[in-house]
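For reference, the structure discussed in these notes is given below.
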Amino acid sequence: MPVSIVVGLQWGDEGKGKMVDHLAETAVAVARFSGGANAGHTVEADGKRFALHLLPSGLVRKDVIGMIGSACVMDPVTILEEIRSLEGNGISIEGRLMISGKVNLTHPAYRCLEVQSEADLASGKIGTTGRGIGPTYVRKYRRNAIRLEDVFNMQSFIELVDFHTLEAINTLNLSSTDVEKLHSDVQSFIEATKEVSRFTADVSLQISEVLRDRDALVIAEGAQGSLLDPDHGSYPFVTCGQCVAGAACTSLGFGPTMVTDVIGILKAYTTRVGAGPFPTELDNHIGTQIRKAGNEFGTTTGRPRRCGWLDGVLAGYSARINGCTSITLTLLDVLSGFDELKICTGYEGDHFTTGRSMDKLIPVYEILPGWQEDIRGETDWDNLPSAAKDYVLAVEKIAGVPVTSISTGPGRNDVIWR
Ligand code: IMP
Ligand code: MG
(Lines give C-alpha, C1' and ligand atoms only; values in the text may rest on other atoms or scores of the structure.)
(Ligands and ions follow the chains in the order given, each with its own letter.)
Protein backbone atom coordinates (compact mmCIF):
# COMPACT_ATOMS: atom_id res chain seq x y z
CA MET A 1 0.00 0.00 0.00
CA PRO A 2 2.73 2.49 -0.72
CA VAL A 3 2.09 6.13 -1.46
CA SER A 4 5.06 8.09 -2.81
CA ILE A 5 4.75 11.84 -2.60
CA VAL A 6 6.65 13.91 -5.17
CA VAL A 7 7.26 17.56 -4.29
CA GLY A 8 9.37 20.43 -5.60
CA LEU A 9 12.05 21.72 -3.24
CA GLN A 10 12.54 25.19 -4.77
CA TRP A 11 10.27 27.76 -6.44
CA GLY A 12 8.68 25.32 -8.88
CA ASP A 13 9.80 24.14 -12.32
CA GLU A 14 12.19 21.59 -10.83
CA GLY A 15 11.16 18.94 -13.34
CA LYS A 16 8.43 17.25 -11.31
CA GLY A 17 6.36 16.42 -14.40
CA LYS A 18 9.17 14.55 -16.10
CA MET A 19 10.04 12.60 -12.94
CA VAL A 20 6.41 11.77 -12.13
CA ASP A 21 6.01 10.40 -15.65
CA HIS A 22 9.25 8.40 -15.23
CA LEU A 23 8.14 6.97 -11.86
CA ALA A 24 4.60 6.29 -13.10
CA GLU A 25 5.87 3.31 -15.08
CA THR A 26 5.18 1.17 -12.00
CA ALA A 27 2.23 3.15 -10.60
CA VAL A 28 -1.47 2.36 -10.69
CA ALA A 29 -2.48 5.97 -10.12
CA VAL A 30 -1.02 9.46 -10.08
CA ALA A 31 -2.94 11.95 -7.97
CA ARG A 32 -2.36 15.68 -8.19
CA PHE A 33 -2.86 17.26 -4.79
CA SER A 34 -2.49 21.00 -5.09
CA GLY A 35 -2.66 24.11 -7.24
CA GLY A 36 -4.41 24.56 -10.55
CA ALA A 37 -3.53 25.59 -14.07
CA ASN A 38 -0.84 27.93 -12.71
CA ALA A 39 1.46 24.87 -12.85
CA GLY A 40 3.25 23.81 -16.01
CA HIS A 41 4.44 20.21 -15.98
CA THR A 42 6.38 19.16 -19.06
CA VAL A 43 6.56 15.55 -20.14
CA GLU A 44 8.41 14.25 -23.20
CA ALA A 45 7.49 10.80 -24.35
CA ASP A 46 7.33 8.90 -27.64
CA GLY A 47 8.84 11.86 -29.47
CA LYS A 48 6.11 14.24 -28.28
CA ARG A 49 6.21 17.05 -25.77
CA PHE A 50 3.22 17.51 -23.46
CA ALA A 51 2.70 20.64 -21.33
CA LEU A 52 0.24 19.72 -18.60
CA HIS A 53 -1.23 22.23 -16.19
CA LEU A 54 -3.80 20.59 -13.95
CA LEU A 55 -4.04 17.07 -15.35
CA PRO A 56 -1.75 14.69 -13.43
CA SER A 57 1.48 13.98 -15.33
CA GLY A 58 0.91 10.22 -15.06
CA LEU A 59 -1.94 10.40 -17.59
CA VAL A 60 0.53 10.45 -20.46
CA ARG A 61 0.96 6.72 -19.76
CA LYS A 62 -2.11 5.03 -21.15
CA ASP A 63 -2.55 2.54 -18.31
CA VAL A 64 -2.32 4.98 -15.39
CA ILE A 65 -5.33 6.42 -13.53
CA GLY A 66 -5.15 10.18 -12.98
CA MET A 67 -6.79 11.79 -9.96
CA ILE A 68 -7.27 15.40 -8.91
CA GLY A 69 -7.60 16.02 -5.17
CA SER A 70 -9.96 18.31 -3.30
CA ALA A 71 -7.35 20.98 -2.51
CA CYS A 72 -6.81 21.67 -6.21
CA VAL A 73 -8.59 24.49 -7.97
CA MET A 74 -9.96 24.01 -11.45
CA ASP A 75 -10.86 26.18 -14.37
CA PRO A 76 -13.32 23.90 -16.22
CA VAL A 77 -12.71 25.59 -19.58
CA THR A 78 -8.92 25.15 -19.48
CA ILE A 79 -9.04 21.58 -18.20
CA LEU A 80 -11.29 20.66 -21.13
CA GLU A 81 -8.71 22.20 -23.47
CA GLU A 82 -6.02 20.09 -21.79
CA ILE A 83 -8.10 16.93 -22.13
CA ARG A 84 -8.73 17.67 -25.81
CA SER A 85 -5.05 18.35 -26.40
CA LEU A 86 -4.09 14.96 -24.90
CA GLU A 87 -6.82 13.23 -26.91
CA GLY A 88 -5.61 15.03 -30.03
CA ASN A 89 -2.28 13.32 -29.42
CA GLY A 90 -3.92 9.92 -29.31
CA ILE A 91 -4.08 9.68 -25.50
CA SER A 92 -7.62 8.98 -24.38
CA ILE A 93 -8.37 9.73 -20.73
CA GLU A 94 -11.92 8.37 -20.81
CA GLY A 95 -12.51 6.12 -17.81
CA ARG A 96 -9.20 6.96 -16.13
CA LEU A 97 -9.61 10.51 -14.89
CA MET A 98 -11.19 11.07 -11.47
CA ILE A 99 -11.76 14.56 -10.13
CA SER A 100 -12.82 15.20 -6.55
CA GLY A 101 -16.23 16.86 -6.40
CA LYS A 102 -14.75 19.10 -3.73
CA VAL A 103 -12.36 20.98 -6.04
CA ASN A 104 -13.11 24.68 -6.15
CA LEU A 105 -13.84 26.21 -9.53
CA THR A 106 -12.27 29.32 -11.02
CA HIS A 107 -15.16 31.52 -12.14
CA PRO A 108 -14.16 33.66 -15.18
CA ALA A 109 -14.47 36.85 -13.12
CA TYR A 110 -11.65 35.76 -10.82
CA ARG A 111 -9.02 36.45 -13.47
CA CYS A 112 -10.25 40.04 -13.76
CA LEU A 113 -10.26 40.33 -9.97
CA GLU A 114 -6.70 39.02 -9.84
CA VAL A 115 -5.53 41.63 -12.37
CA GLN A 116 -7.20 44.28 -10.22
CA SER A 117 -5.69 43.07 -6.94
CA GLU A 118 -2.18 43.01 -8.48
CA ALA A 119 -2.72 46.55 -9.82
CA ASP A 120 -3.84 47.67 -6.34
CA LEU A 121 -0.49 46.59 -4.88
CA ALA A 122 1.54 49.77 -5.36
CA SER A 123 4.75 47.91 -4.56
CA GLY A 124 5.36 44.26 -3.75
CA LYS A 125 3.44 42.86 -6.72
CA ILE A 126 3.42 39.06 -6.62
CA GLY A 127 3.70 38.49 -10.36
CA THR A 128 1.03 35.80 -10.44
CA THR A 129 0.44 33.55 -13.42
CA GLY A 130 -2.86 35.36 -13.98
CA ARG A 131 -4.89 32.15 -13.85
CA GLY A 132 -7.23 33.32 -11.07
CA ILE A 133 -5.68 30.92 -8.57
CA GLY A 134 -5.50 33.34 -5.61
CA PRO A 135 -9.12 34.54 -5.83
CA THR A 136 -10.33 30.92 -6.05
CA TYR A 137 -8.54 29.93 -2.84
CA VAL A 138 -9.65 33.17 -1.13
CA ARG A 139 -13.27 32.26 -1.88
CA LYS A 140 -12.71 28.72 -0.61
CA TYR A 141 -11.67 30.10 2.76
CA ARG A 142 -14.37 32.77 2.63
CA ARG A 143 -16.67 29.73 2.42
CA ASN A 144 -18.77 30.65 -0.58
CA ALA A 145 -16.71 29.14 -3.39
CA ILE A 146 -18.19 27.07 -6.21
CA ARG A 147 -17.31 23.38 -6.00
CA LEU A 148 -17.47 20.96 -8.90
CA GLU A 149 -20.10 18.85 -7.11
CA ASP A 150 -22.39 21.90 -6.87
CA VAL A 151 -23.25 21.41 -10.55
CA PHE A 152 -25.38 18.41 -9.58
CA ASN A 153 -27.97 20.81 -8.19
CA MET A 154 -28.36 23.06 -11.20
CA GLN A 155 -30.61 25.68 -9.64
CA SER A 156 -28.37 26.48 -6.67
CA PHE A 157 -25.29 26.15 -8.90
CA ILE A 158 -26.58 28.90 -11.23
CA GLU A 159 -27.47 31.07 -8.21
CA LEU A 160 -23.94 30.70 -6.88
CA VAL A 161 -22.37 31.43 -10.26
CA ASP A 162 -24.58 34.52 -10.67
CA PHE A 163 -23.60 35.72 -7.20
CA HIS A 164 -19.92 35.67 -8.20
CA THR A 165 -20.62 37.34 -11.56
CA LEU A 166 -22.54 40.16 -9.88
CA GLU A 167 -20.00 40.58 -7.14
CA ALA A 168 -17.26 41.09 -9.72
CA ILE A 169 -19.37 43.52 -11.73
CA ASN A 170 -20.02 45.53 -8.56
CA THR A 171 -16.36 45.49 -7.53
CA LEU A 172 -14.63 46.10 -10.85
CA ASN A 173 -14.94 49.10 -13.06
CA LEU A 174 -15.90 47.17 -16.20
CA SER A 175 -16.91 48.68 -19.54
CA SER A 176 -20.12 47.43 -21.14
CA THR A 177 -18.03 45.39 -23.58
CA ASP A 178 -16.18 43.78 -20.63
CA VAL A 179 -19.50 42.98 -18.94
CA GLU A 180 -20.79 41.40 -22.14
CA LYS A 181 -17.62 39.33 -22.48
CA LEU A 182 -17.89 38.26 -18.83
CA HIS A 183 -21.48 37.05 -19.35
CA SER A 184 -20.41 35.06 -22.39
CA ASP A 185 -17.41 33.58 -20.49
CA VAL A 186 -19.80 32.62 -17.69
CA GLN A 187 -21.95 30.69 -20.18
CA SER A 188 -18.86 28.81 -21.40
CA PHE A 189 -17.90 28.17 -17.75
CA ILE A 190 -21.31 26.65 -17.01
CA GLU A 191 -21.22 24.46 -20.13
CA ALA A 192 -17.64 23.33 -19.41
CA THR A 193 -18.49 22.50 -15.79
CA LYS A 194 -21.40 20.32 -16.93
CA GLU A 195 -19.15 18.54 -19.41
CA VAL A 196 -16.29 17.94 -17.00
CA SER A 197 -18.63 16.82 -14.19
CA ARG A 198 -18.73 13.30 -15.64
CA PHE A 199 -15.24 12.78 -14.20
CA THR A 200 -16.40 13.52 -10.63
CA ALA A 201 -15.36 10.82 -8.17
CA ASP A 202 -14.70 10.18 -4.50
CA VAL A 203 -10.92 10.38 -4.79
CA SER A 204 -10.25 9.37 -1.18
CA LEU A 205 -12.36 6.22 -1.56
CA GLN A 206 -10.81 5.37 -4.93
CA ILE A 207 -7.28 5.67 -3.51
CA SER A 208 -8.14 3.47 -0.55
CA GLU A 209 -9.46 0.83 -2.98
CA VAL A 210 -6.31 0.98 -5.09
CA LEU A 211 -4.17 0.68 -1.95
CA ARG A 212 -5.99 -2.46 -0.82
CA ASP A 213 -3.64 -4.25 -3.19
CA ARG A 214 -0.48 -4.27 -1.07
CA ASP A 215 1.80 -3.89 -4.09
CA ALA A 216 -0.02 -1.04 -5.79
CA LEU A 217 1.82 2.26 -5.99
CA VAL A 218 0.04 5.61 -5.88
CA ILE A 219 2.08 8.71 -6.66
CA ALA A 220 0.88 11.93 -5.07
CA GLU A 221 2.04 14.73 -7.37
CA GLY A 222 2.66 18.16 -5.91
CA ALA A 223 2.67 21.41 -7.81
CA GLN A 224 4.88 24.50 -7.63
CA GLY A 225 7.63 24.23 -5.01
CA SER A 226 8.07 24.33 -1.24
CA LEU A 227 9.35 27.92 -1.33
CA LEU A 228 6.03 28.98 -2.90
CA ASP A 229 4.05 27.33 -0.07
CA PRO A 230 1.83 29.84 1.77
CA ASP A 231 3.07 28.65 5.19
CA HIS A 232 6.68 27.67 4.60
CA GLY A 233 7.58 29.62 1.47
CA SER A 234 8.87 33.14 0.85
CA TYR A 235 5.73 34.82 2.14
CA PRO A 236 4.07 36.97 0.82
CA PHE A 237 5.60 36.04 -2.57
CA VAL A 238 3.93 32.66 -2.64
CA THR A 239 1.08 30.86 -4.35
CA CYS A 240 -2.15 30.01 -2.50
CA GLY A 241 -2.18 26.22 -2.81
CA GLN A 242 -0.12 24.25 -0.33
CA CYS A 243 3.04 22.88 -1.93
CA VAL A 244 4.51 20.68 0.81
CA ALA A 245 4.20 16.92 1.24
CA GLY A 246 1.85 17.17 4.23
CA ALA A 247 -0.77 18.66 1.96
CA ALA A 248 -1.04 15.42 -0.05
CA CYS A 249 -2.88 13.77 2.83
CA THR A 250 -5.44 16.52 3.36
CA SER A 251 -6.15 16.98 -0.32
CA LEU A 252 -6.41 13.34 -1.34
CA GLY A 253 -8.03 12.08 1.83
CA PHE A 254 -5.57 9.50 3.12
CA GLY A 255 -3.64 9.42 6.38
CA PRO A 256 0.11 9.97 6.90
CA THR A 257 0.39 6.26 7.76
CA MET A 258 -0.04 5.44 4.06
CA VAL A 259 3.07 7.31 2.95
CA THR A 260 6.27 5.34 2.40
CA ASP A 261 8.41 7.81 0.40
CA VAL A 262 8.70 11.52 -0.06
CA ILE A 263 10.75 12.30 -3.15
CA GLY A 264 12.07 15.85 -3.31
CA ILE A 265 12.77 17.20 -6.79
CA LEU A 266 15.70 19.59 -6.77
CA LYS A 267 17.02 21.42 -9.79
CA ALA A 268 20.84 21.51 -10.00
CA TYR A 269 20.61 25.32 -9.98
CA THR A 270 17.77 27.63 -8.95
CA THR A 271 15.03 29.41 -10.91
CA ARG A 272 12.12 31.56 -9.96
CA VAL A 273 9.30 33.16 -11.98
CA GLY A 274 7.42 36.10 -10.59
CA ALA A 275 8.59 38.47 -7.89
CA GLY A 276 10.14 37.86 -4.48
CA PRO A 277 13.46 37.21 -2.75
CA PHE A 278 16.05 34.97 -4.40
CA PRO A 279 19.36 35.06 -2.49
CA THR A 280 21.49 33.23 -5.08
CA GLU A 281 20.07 35.01 -8.14
CA LEU A 282 22.56 35.71 -10.96
CA ASP A 283 21.50 38.90 -12.63
CA ASN A 284 24.46 38.69 -15.04
CA HIS A 285 25.88 36.75 -17.99
CA ILE A 286 26.08 33.52 -15.97
CA GLY A 287 22.34 33.73 -15.24
CA THR A 288 21.75 34.34 -18.93
CA GLN A 289 23.91 31.35 -19.84
CA ILE A 290 21.88 29.11 -17.50
CA ARG A 291 18.58 30.46 -18.88
CA LYS A 292 19.69 29.69 -22.42
CA ALA A 293 21.14 26.26 -21.68
CA GLY A 294 18.13 25.23 -19.57
CA ASN A 295 15.53 26.91 -21.81
CA GLU A 296 14.23 28.58 -18.68
CA PHE A 297 11.03 30.17 -19.88
CA GLY A 298 7.69 29.58 -18.14
CA THR A 299 5.54 26.70 -19.44
CA THR A 300 2.36 28.51 -18.41
CA THR A 301 3.20 32.16 -19.01
CA GLY A 302 6.29 32.09 -21.27
CA ARG A 303 8.03 34.55 -18.92
CA PRO A 304 11.84 34.29 -18.74
CA ARG A 305 12.72 32.63 -15.45
CA ARG A 306 15.17 34.26 -13.06
CA CYS A 307 18.23 32.00 -12.71
CA GLY A 308 20.86 31.51 -10.01
CA TRP A 309 23.16 29.09 -8.23
CA LEU A 310 21.86 26.19 -6.19
CA ASP A 311 20.96 27.22 -2.66
CA GLY A 312 21.97 24.32 -0.43
CA VAL A 313 20.55 25.91 2.70
CA LEU A 314 17.12 26.18 1.10
CA ALA A 315 17.46 22.62 -0.20
CA GLY A 316 18.10 21.38 3.35
CA TYR A 317 15.22 23.46 4.70
CA SER A 318 12.81 22.10 2.07
CA ALA A 319 14.02 18.53 2.61
CA ARG A 320 13.21 18.96 6.32
CA ILE A 321 9.74 20.49 6.01
CA ASN A 322 8.75 17.75 3.55
CA GLY A 323 10.42 14.87 5.36
CA CYS A 324 12.18 13.83 2.15
CA THR A 325 13.41 10.25 2.03
CA SER A 326 15.33 10.91 -1.19
CA ILE A 327 16.18 13.64 -3.65
CA THR A 328 16.13 13.57 -7.44
CA LEU A 329 18.59 16.10 -8.81
CA THR A 330 17.33 17.40 -12.15
CA LEU A 331 18.76 19.32 -15.11
CA LEU A 332 22.33 18.45 -14.18
CA ASP A 333 23.15 18.42 -17.92
CA VAL A 334 22.44 22.17 -18.06
CA LEU A 335 25.51 22.81 -15.87
CA SER A 336 27.99 21.42 -18.42
CA GLY A 337 30.40 24.01 -19.78
CA PHE A 338 31.02 26.21 -16.73
CA ASP A 339 34.57 26.73 -15.42
CA GLU A 340 33.33 26.72 -11.86
CA LEU A 341 30.04 26.21 -10.04
CA LYS A 342 28.84 27.63 -6.77
CA ILE A 343 26.58 26.21 -4.08
CA CYS A 344 25.26 28.38 -1.27
CA THR A 345 26.19 26.71 2.02
CA GLY A 346 25.19 29.46 4.45
CA TYR A 347 24.36 33.13 4.79
CA GLU A 348 26.43 35.95 6.20
CA GLY A 349 25.72 36.36 9.90
CA ASP A 350 24.15 32.92 9.94
CA HIS A 351 20.70 34.43 9.72
CA PHE A 352 17.89 32.47 8.03
CA THR A 353 14.29 33.33 7.29
CA THR A 354 11.76 32.74 4.54
CA GLY A 355 9.70 35.69 5.76
CA ARG A 356 9.57 39.34 4.78
CA SER A 357 13.28 39.95 5.39
CA MET A 358 14.40 37.04 3.23
CA ASP A 359 15.64 39.54 0.63
CA LYS A 360 18.35 40.59 3.13
CA LEU A 361 20.06 37.18 3.06
CA ILE A 362 23.58 37.30 1.63
CA PRO A 363 24.80 33.88 0.50
CA VAL A 364 28.14 32.32 1.35
CA TYR A 365 29.35 29.96 -1.40
CA GLU A 366 31.36 26.81 -1.76
CA ILE A 367 33.12 26.85 -5.14
CA LEU A 368 33.39 23.63 -7.09
CA PRO A 369 35.14 22.88 -10.37
CA GLY A 370 32.89 22.62 -13.41
CA TRP A 371 32.99 20.07 -16.25
CA GLN A 372 32.92 20.53 -20.01
CA GLU A 373 31.60 17.15 -21.17
CA ASP A 374 28.05 16.92 -22.52
CA ILE A 375 26.17 14.59 -20.17
CA ARG A 376 22.73 14.91 -21.75
CA GLY A 377 20.81 11.66 -21.71
CA GLU A 378 23.44 9.88 -19.60
CA THR A 379 22.01 6.95 -17.64
CA ASP A 380 25.13 5.53 -15.98
CA TRP A 381 26.65 7.09 -12.87
CA ASP A 382 30.07 5.67 -13.71
CA ASN A 383 30.15 7.65 -16.97
CA LEU A 384 29.75 11.04 -15.27
CA PRO A 385 32.83 13.28 -15.20
CA SER A 386 34.34 13.29 -11.72
CA ALA A 387 33.51 16.99 -11.25
CA ALA A 388 29.83 16.20 -11.90
CA LYS A 389 29.93 13.37 -9.36
CA ASP A 390 31.53 15.71 -6.82
CA TYR A 391 28.81 18.26 -7.45
CA VAL A 392 26.11 15.65 -6.72
CA LEU A 393 27.92 14.55 -3.56
CA ALA A 394 28.18 18.19 -2.38
CA VAL A 395 24.43 18.65 -2.90
CA GLU A 396 23.67 15.49 -0.97
CA LYS A 397 25.89 16.61 1.91
CA ILE A 398 24.39 20.06 2.29
CA ALA A 399 20.78 18.88 1.80
CA GLY A 400 21.27 16.02 4.23
CA VAL A 401 19.25 13.55 2.11
CA PRO A 402 20.55 10.95 -0.37
CA VAL A 403 20.41 11.90 -4.04
CA THR A 404 19.19 8.57 -5.40
CA SER A 405 18.49 9.67 -8.95
CA ILE A 406 19.68 12.31 -11.38
CA SER A 407 17.81 13.59 -14.41
CA THR A 408 20.08 14.34 -17.36
CA GLY A 409 17.58 15.38 -20.03
CA PRO A 410 13.92 15.95 -20.80
CA GLY A 411 13.27 12.44 -22.09
CA ARG A 412 11.36 9.94 -19.99
CA ASN A 413 14.37 7.67 -19.55
CA ASP A 414 17.13 10.28 -19.23
CA VAL A 415 17.71 9.26 -15.61
CA ILE A 416 20.68 7.92 -13.65
CA TRP A 417 19.78 5.68 -10.71
CA ARG A 418 22.58 5.39 -8.20
P1 IMP B 1 -0.15 32.25 -8.67
O2 IMP B 1 0.06 30.82 -8.29
O3 IMP B 1 -0.60 32.42 -10.10
O4 IMP B 1 -1.03 32.95 -7.68
O5 IMP B 1 1.28 32.98 -8.61
C6 IMP B 1 1.94 33.22 -7.37
C7 IMP B 1 3.44 33.07 -7.54
O8 IMP B 1 3.75 31.69 -7.74
C9 IMP B 1 4.04 33.82 -8.72
O10 IMP B 1 5.35 34.22 -8.37
C11 IMP B 1 4.12 32.74 -9.80
O12 IMP B 1 5.09 33.02 -10.77
C13 IMP B 1 4.48 31.53 -8.96
N14 IMP B 1 4.06 30.26 -9.56
C15 IMP B 1 2.81 29.74 -9.59
N16 IMP B 1 2.80 28.55 -10.21
C17 IMP B 1 4.07 28.29 -10.56
C18 IMP B 1 4.72 27.18 -11.20
O19 IMP B 1 4.10 26.18 -11.55
N20 IMP B 1 6.05 27.29 -11.38
C21 IMP B 1 6.76 28.37 -10.97
N22 IMP B 1 6.22 29.41 -10.35
C23 IMP B 1 4.88 29.39 -10.15
MG1 MG C 1 6.51 24.43 -14.28
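At-a-glance table
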| read-out | value |
| --- | --- |
| Residue among Ser208, Ser197, Ser156 with the largest mean-square fluctuation in a Gaussian network model of the chain, springs linking Cα atoms under 10 Å | Ser156 |
| √(5λ) per eigenvalue of the Cα gyration tensor, segment 255-305, largest first, Å | 29, 13, 12 |
| 5 angstrom amide H check on Ser326, placed H, neighbours 5+ away | Val262, Gly264 |
| Nearest-0.05 FRET efficiency for Gln289 and Thr26, computed from C-beta distance (R0 45 Å) | 0.75 |
| Of the GluC sites (Glu not before Pro) in segment 83-144, those whose Cβ has at most 12 other Cβ within 10 Å and which sit in DSSP loop | Glu94 |
| Inter-centroid distance (Cα atoms) of segment 316-341 relative to segment 351-403, Å | 6 Å |
| Gap separating the Cα centres of segment 242-308 and segment 153-224, nearest whole Å | 26 Å |
| Mean separation of Cα contacts under 8 Å, 6 or more apart, over the residue count of segment 104-197: relative contact order % | 37 percent |
| For the chain: relative contact order, % (alpha-carbon pairs under 8 angstrom, 6 or more apart) | 21 percent |
| Ellipsoid equivalent to the chain - semi-axes via the Cα gyration tensor, in Å | 35, 26, 19 |
| Accessible-area order (highest first, 1.4 angstrom probe) of the listed residues Asp359, Asp21 | Asp359, Asp21 |
| Size of charge dipole - the chain - debye, nearest 20, with Cβ of Lys, Arg +1 and Asp, Glu -1, no other charges | 460 debye |
| Mean separation of Cα contacts under 8 Å (6+ apart) over length of segment 3-67, as relative contact order % | 34 percent |
| J(HN,Hα) series, segment 347-356, from Karplus relation 6.51 cos²θ - 1.76 cosθ + 1.60, nearest Hz, glycine and proline x | 10, 4, x, 6, 8, 9, 7, 10, x, 4 |
| Extreme residue, positive dipole direction of segment 104-197, given options Thr128, Thr165, Ser188 (C-beta unit charges) | Thr128 |
| FRET E, pair Asn383, Ser123, Förster distance 41 Å, beta-carbon r, rounded to 0.05 | 0.25 |
| Gyration tensor verdict on segment 1-108 (Cα atoms; rounded if a/c is under 1.5, prolate if a/b is larger than b/c, oblate otherwise) | rounded |
| Spin-label pair Ser176/Asp215, simplified geometry with 7 Å Cα→Cβ offset, distance in nm | 6.9 nm |
| Additional length obtainable on full extension of the chain from Ile158 to Ile362, 0.36 nm per residue less Cα span | 68.2 nm |
| Folded to 0 to 90 degrees: helix 154-171 orientation relative to the chain principal axis, Cα | 70 degrees |
| Calculated FRET efficiency for the pair Arg320/Asp350, C-beta based, R₀ 25 Å, to 0.05 | 0.90 |
| Solvent exposure of the chain as accessible area per residue, Å², 1.4 Å probe | 41 Å² |
| Extended-chain gain in nm, criterion 0.36 nm per residue less alpha-carbon gap, Gln372 and Ser208 | 54.2 nm |
| Cα gyration tensor shape of segment 123-183, rounded if a/c is under 1.5, else prolate or oblate by comparing a/b with b/c | oblate |
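The values are calculated or read from the model by the stated rules, or taken from the named source; none is laboratory data. What you see is a predicted model; the values in this text were computed from it and never measured. All Cβ positions, even for glycine, are placed from backbone atoms using ideal geometry, and neighbour counts span all protein chains on display. Protein only, heavy atoms only, side chains kept; ligands, DNA and RNA dropped before computing areas. Shrake-Rupley method; radii C 1.70, N 1.55, O 1.52, S 1.80 Å.
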